[in-house]
């Protein structure tokens, strides 16, 4: 009877989080050519599952199985290799892919997709169809599950959520956090010099005790 084995896990890359739509391939190391076991693509949460029979990891010359998995990006470039110790019929293997993967002496940085950034912000990620990225994938013959680059997602989000009049939740938060981060990193900024300061100008666009960008613009227009 041919026993069945499964390797289930998640492929992640700090600090971007789960790696969606990457290829995960299992192998058994042999004295000669390593035996391929199974391959699959991760889902939108980075989850994957490999399945194979005991005959794929057995053999009179092999001894104990030496199983490992390899992770490849959409361009079929290897990102990481991870040894796996089988622990019964089902083995859990959470794979951490370094943020910088080195190939041929060159360092490559993995960037998160727009949908991955939205999920990290606890926002409802828009689908490729909603932002129009599915048409681009079809035009260039790319896998339909490939998620959108961040710049494309920000533009598509703005069009979908505000009609293109302003940025959506992800794009606006990125801009806001950059501005606040710049002020917080500058020891001479007003935010650092007078952290307890509060606006004293009239706030016709806001509720009591609040002062928003609209109030600042209204003051500038009246000045």
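Can you tell me how many residues in the range 188-204 are part of a helix (DSSP H, G or I), more than 35 Å from the chain's Cα centre (by Cα) and surrounded by 11 or more Cβ atoms within 10 Å (Cβ to Cβ)?
First pass over the range 188-204, keeping only residues part of a helix (DSSP H, G or I): 190-193.
From the residues that got through so far, the ones that are more than 35 Å from the chain's Cα centre (by Cα) too are 193.
From what is left, the residues that are surrounded by 11 or more Cβ atoms within 10 Å (Cβ to Cβ) are none.
Counting residues in the range 188-204 that are part of a helix (DSSP H, G or I), more than 35 Å from the chain's Cα centre (by Cα) and surrounded by 11 or more Cβ atoms within 10 Å (Cβ to Cβ) gives 0.
Take the conditions (1) surrounded by 13 or more Cβ atoms within 10 Å (Cβ to Cβ); (2) closer than 26 Å to residue 121 by Cβ; (3) more than 37 Å from the chain's Cα centre (by Cα); residue 207 misses just one of them, which is (1). For residue 136, the stated conditions do not hold, so it cannot be described as modelled with pLDDT of 85 or more, part of a loop (DSSP other than H, G, I, E, B), under 21 Å from residue 20 (Cβ atoms) and out of contact with any strand residue (DSSP E or B) (no Cβ under 7 Å at 6 or more places or on another chain).
Can you say whether residue 31 is in contact with a strand residue (DSSP E or B) (Cβ under 9 Å, 6 or more places away or on another chain), modelled with pLDDT under 80, over 20 Å from residue 142 (Cβ atoms) and in a loop (DSSP other than H, G, I, E, B), as far as the supplied structure shows? First the steps, then the outcome.
Details: in contact with a strand residue (DSSP E or B) (Cβ under 9 Å, 6 or more places away or on another chain): no; modelled with pLDDT under 80: yes; over 20 Å from residue 142 (Cβ atoms): yes; in a loop (DSSP other than H, G, I, E, B): yes.
No.
Going by what's in this entry, would residue 23 be described as closer than 23 Å to residue 150 by Cβ, under 27 Å from the mean Cα position of the chain (by Cα), surrounded by fewer than 17 Cβ atoms within 10 Å (Cβ to Cβ) and modelled with pLDDT of 85 or more?
Details: closer than 23 Å to residue 150 by Cβ: yes; under 27 Å from the mean Cα position of the chain (by Cα): yes; surrounded by fewer than 17 Cβ atoms within 10 Å (Cβ to Cβ): no; modelled with pLDDT of 85 or more: yes.
No, not satisfied.
Of all residues in the range 118-163, those satisfying the criterion of being more than 20 Å from residue 47 (Cα to Cα) and exposed (fewer than 12 other Cβ atoms within 10 Å of the Cβ) are 129, 135, 138, 139, 140, 141, 151, 163.
The C-beta contact set for the range 75-86 (first residue assigned by TED's automatic domain parsing to the domain that holds residue 9 and buried (at least 17 other Cβ atoms within 10 Å of the Cβ), second residue part of a loop (DSSP other than H, G, I, E, B) and modelled with pLDDT of 85 or more, distance under 9 angstrom, 6+ apart or interchain) comprises 79/19; 79/22; 79/73; 82/93; 84/93. Residues in the range 152-187 that are within 17 Å of residue 112 (Cβ to Cβ) and either not in a helix (DSSP H, G or I) or not assigned by TED's automatic domain parsing to the domain that holds residue 137 (or both): 168 only.
The values are calculated or read from the model by the stated rules, or taken from the named source; none is laboratory data. Here the structure is a predicted model, which is why all the values come from computation and not from measurement. Using ideal geometry, Cβ is built from the backbone for each residue, glycine included, and neighbour counts are taken over all protein chains shown.
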